[in-house]
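In what follows, a single structure is set out as structure tokens and then discussed.
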Amino acid sequence: MLNTINPLLPLQTSFWPLLVSLNLFSLFRITVFYINLKVSFLRLSFTLLSLMLVCRLWWKDINIESNLGYHTHKLEIRMRIGIIFFILSEIFFFISFFWAFYDASLVPTLEVGLYWPPKGIHTLSMYSVPLLNTILLLRRGLTVTWAHHSILNNYYLKRIISLFLTIILGLYFMFMQYEEYIESMFSIRDRVYGSTFFITTGFHGFHVILGTFFLIASNIILSLGRLTKTHHFSFEFAAWYWHFVDVVWLFLFISIYWWGRLR
């Protein structure tokens, strides 16, 4: 039977986590080179596509293991603990950017004119795109929670609609972020303000792209009938990651868009 575990066939060693780590390292390295105009956007896009392909193959193997019955309750608990540690590592990743921003803004140095924001920097209004994106963020948090509730109650149509709305809101968020970058009066090369602003918001946007990709994959699996009320770990991971990205944006909005321009 497909859903029974054969003790004579233990889980094989997987090299996908190692390949994902190497692709992530390569992506961050290429991103730094791209910011400094040392590589083309095509090289950056190729590296990102490579990461997405490796992740897709890894998740495919995990899905096969699940269908074969290897994902016991004990294993799922350990996988949830692993996801929690992963999100904790992401939290400290963003803490480093916020630390750099507050270190530069609380005690402005002579290099930035002893003033924050530095003179010559025309900060973005928090009442335009940032406020709209915050509203979109709150709505997509509600829709992904709605999707989770629909899965737990076997509401097939509602879970498809709610996940689709969440994906659309995520894509629209990224479109508005792109419009904001185009309209900004400063760039990443404008001293410490430009670098901290674009690095922090840029990496947050990258996480939004990953979160949207996770939800698209979950929606495909859901459409195939492979997610049930008792077996939807992949969606739970995507939802936890989505809520984490939302919380990061709230801190980003308060710190950079609101508090940062009051200094």
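Screening Arg226 against (1) surrounded by fewer than 18 Cβ atoms within 10 Å (Cβ to Cβ); (2) more than 21 Å from His73 (Cβ to Cβ); (3) in contact (Cβ under 8 Å) with a residue 40 or more places away in the chain; (4) not hydroxyl-bearing (Ser, Thr, Tyr) leaves a single unmet condition, (2).
For the stretch 50-65, taking the residues that are β-branched (Val, Ile, Thr) and more than 14 Å from Met79 (Cα to Cα), the one that is surrounded by the most Cβ atoms within 10 Å (Cβ to Cβ) is identified as Val54.
With respect to Ile135, is the statement that it is loosely packed, with under 15 Cβ neighbours inside 10 Å, at negative phi, outside the structural domain of Ile62 (by TED's automatic domain parsing) and part of a helix (DSSP H, G or I) true? I'd like the intermediate steps shown before the answer.
Details: loosely packed, with under 15 Cβ neighbours inside 10 Å: yes; at negative phi: yes; outside the structural domain of Ile62 (by TED's automatic domain parsing): yes; part of a helix (DSSP H, G or I): yes.
Yes.
Determine which member of the set Trp249, Trp242 is of a type outside the set (A, V, I, L, M) and over 9 Å from the mean Cα position of the chain (by Cα).
On the way: Trp242 fails: over 9 Å from the mean Cα position of the chain (by Cα).
Of Trp249, Trp242, the one residue that is of a type outside the set (A, V, I, L, M) and over 9 Å from the mean Cα position of the chain (by Cα) is Trp249.
Here the stretch 168-203 is the region considered, the condition is being farther than 20 Å from Ile35 by Cβ and in contact with a Ser or Thr (Cβ under 8 Å, 6 or more places away or on another chain), and the residue that is surrounded by the most Cβ atoms within 10 Å (Cβ to Cβ) is Gly170. Do the conditions hold for Leu171, that is, is it under 22 Å from the mean Cα position of the chain (by Cα), closer than 16 Å to Ala239 by Cβ and among the aliphatic types (A, V, I, L, M)? Taking the combined requirement at face value, the residue does not satisfy it. Checked against the criteria, Leu114 does not count as outside any loop (DSSP other than H, G, I, E, B), over 24 Å from Leu171 (Cα atoms) and free of Cβ contacts under 8 Å to residues at least 12 places away in the same chain. Taking every residue in the stretch 186-200 that is closer than 13 Å to Asp103 by Cα and pairing it with any residue that is assigned to a helix (DSSP H, G or I), at least 6 positions away or on another chain, the pairs with Cβ-Cβ distances below 7 Å are Val192/Ala104; Val192/Val112; Thr196/Phe97; Thr196/Ala100; Thr196/Phe101; Thr196/Ala104.
For the stretch 18-47, a residue qualifies if it is part of a helix (DSSP H, G or I) and in contact with a Phe, Trp or Tyr (Cβ under 6 Å, 6 or more places away or on another chain), and exactly one does: Leu44. Per the listing Ile91, Ile95, Ile87, the residue uniquely without any contact (Cβ under 8 Å) to a residue 60 or more places away in the chain and within 21 Å of Phe251 (Cα to Cα) is Ile95. Scanning the stretch 66-106 for residues that are part of a loop (DSSP other than H, G, I, E, B) and either in contact with a strand residue (DSSP E or B) (Cβ under 6 Å, 6 or more places away or on another chain) or aromatic (Phe, Trp, Tyr) (or both) gives a single hit, Tyr70. Among the residues of the stretch 229-238, is any under 18 Å from Leu136 (Cα atoms) and part of a helix (DSSP H, G or I)? The answer is yes; a qualifying residue exists.
The values are calculated or read from the model by the stated rules, or taken from the named source; none is laboratory data. Bear in mind the structure is a predicted one, so any value in this text is a computation, not a measurement. In this analysis, Cβ positions are derived from the backbone assuming ideal geometry, glycine residues included, and neighbour counts consider all displayed protein chains.
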